[in-house]
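The values are calculated or read from the model by the stated rules, or taken from the named source; none is laboratory data. Computed from a predicted structure; not experimentally measured. Here Cβ is always computed from backbone atoms with ideal geometry, including for glycine, and neighbour counts include all displayed protein chains. SASA here: full protein model, heavy atoms, side chains in, ligands and nucleic acids out. Shrake-Rupley method; radii C 1.70, N 1.55, O 1.52, S 1.80 Å.
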Amino acid sequence: MIKLRKRYNRPGTVLFYALSCLALAMTLAVGGFFVYTLALRTSYRAMALEINDAFLAGTSVTVARGEDSFPVTPESVEYYNEFLLDRNTAVFSRKRTEPDDASIFLILDGGQLTFTGVDDGTAIAVRWSSPEKEENYIVRSQYTFTQLSAYYSNLKRKAK
């Protein structure tokens, strides 16, 4: 009679199956991360295009920060629109960040856009509030919150 050896009792076989399961789990985790990142970027891009439509359709924009607010033309705030549509803008979170005293508000015909500095101004929280919904993203870009603030200061000086 021939005795068959059970292959699964060997230590090498058990290790092989354990490492195979680990490799499969890591592959699924990386794939899940890519799907999440793609969905996040796609939803941010859709929001940026919706805001772009509001910029193009609007006849006036009110810019506000703290107690100050003043009307400007949509063309004069094109810098903020370029920031949103910049291809180097990397979105990495949907975390909701409350506006503070330094936040910049753009009130458009289609909604309200808010920029808030996060992580010492290296990241920017973007909030779009329209009658239908509210979307929140945190992005990093070649633009910094300090640059957005400087542009606000220039707008304020020109408006006076």
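Of the numbered conditions (1) closer than 25 Å to Arg157 by Cβ; (2) open to solvent by 10 Å² or more (accessible area, probe 1.4 Å); (3) at pLDDT 85 or above, Ser76 fails exactly one; give the number of that condition.
(3)
What number of residues in the stretch 23-63 are open to solvent by less than 60 Å² (accessible area, probe 1.4 Å) and either within 12 Å of Pro74 (Cα to Cα) or in contact with an Asp or Glu (Cβ under 6 Å, 6 or more places away or on another chain) (or both)?
Number satisfying all stated conditions: 10.
With the requirement that a residue be part of a strand (DSSP E or B), in contact (Cβ under 8 Å) with a residue 40 or more places away in the chain and either open to solvent by 20 Å² or more (accessible area, probe 1.4 Å) or at negative phi (or both), what does the stretch 110-123 give you?
To start, the set of residues in the stretch 110-123 that are part of a strand (DSSP E or B) comprises 111-118, 123.
Filter once more, so that each one left must be in contact (Cβ under 8 Å) with a residue 40 or more places away in the chain: 111, 113.
Within the stretch 110-123, just Leu113 meets the criteria.
Each row is one residue, and each column tells you yes or no for (1) open to solvent by 70 Å² or more (accessible area, probe 1.4 Å); (2) within 15 Å of Ala48 (Cβ to Cβ); (3) part of a strand (DSSP E or B).
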{"residue": "Phe83", "(1), (2), (3)": "no, yes, no"}
{"residue": "Lys95", "(1), (2), (3)": "yes, no, no"}
{"residue": "Pro99", "(1), (2), (3)": "no, no, no"}
{"residue": "Ala102", "(1), (2), (3)": "no, no, no"}
{"residue": "Ile107", "(1), (2), (3)": "no, no, yes"}
{"residue": "Tyr137", "(1), (2), (3)": "no, yes, yes"}
{"residue": "Gln142", "(1), (2), (3)": "yes, no, no"}
{"residue": "Tyr151", "(1), (2), (3)": "no, no, no"}
{"residue": "Asn154", "(1), (2), (3)": "no, no, no"}
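How many residues, within the stretch 50-77, are within 25 Å of the chain's Cα centre (by Cα), under 15 Å from Asp109 (Cα atoms) and either assigned to a helix (DSSP H, G or I) or not hydrophobic (A, V, I, L, M, F, W, C) (or both)? If you could, list the steps in order and put the result at the bottom.
Initially, the stretch 50-77 is screened for residues within 25 Å of the chain's Cα centre (by Cα), giving 50-58, 61-66, 74-77.
If we keep only those that are under 15 Å from Asp109 (Cα atoms) as well, we get 50-58, 61-64, 74-75, 77.
From the residues that got through so far, the ones that are either assigned to a helix (DSSP H, G or I) or not hydrophobic (A, V, I, L, M, F, W, C) (or both) too are 50-58, 62, 74-75, 77.
Total satisfying the criteria: 13.
Suppose we keep only residues that are part of a strand (DSSP E or B) and among the charged types (D, E, K, R) within the stretch 124-134. Which one would you say is most open to solvent (accessible area, probe 1.4 Å)? Walk me through it before giving the result.
Within the stretch 124-134, the first condition is being part of a strand (DSSP E or B), and the residues that meet it are 124-129, 134.
Those left that are additionally among the charged types (D, E, K, R): 127, 134.
On the way: Arg127: 25, Glu134: 82 Å².
That would be Glu134.
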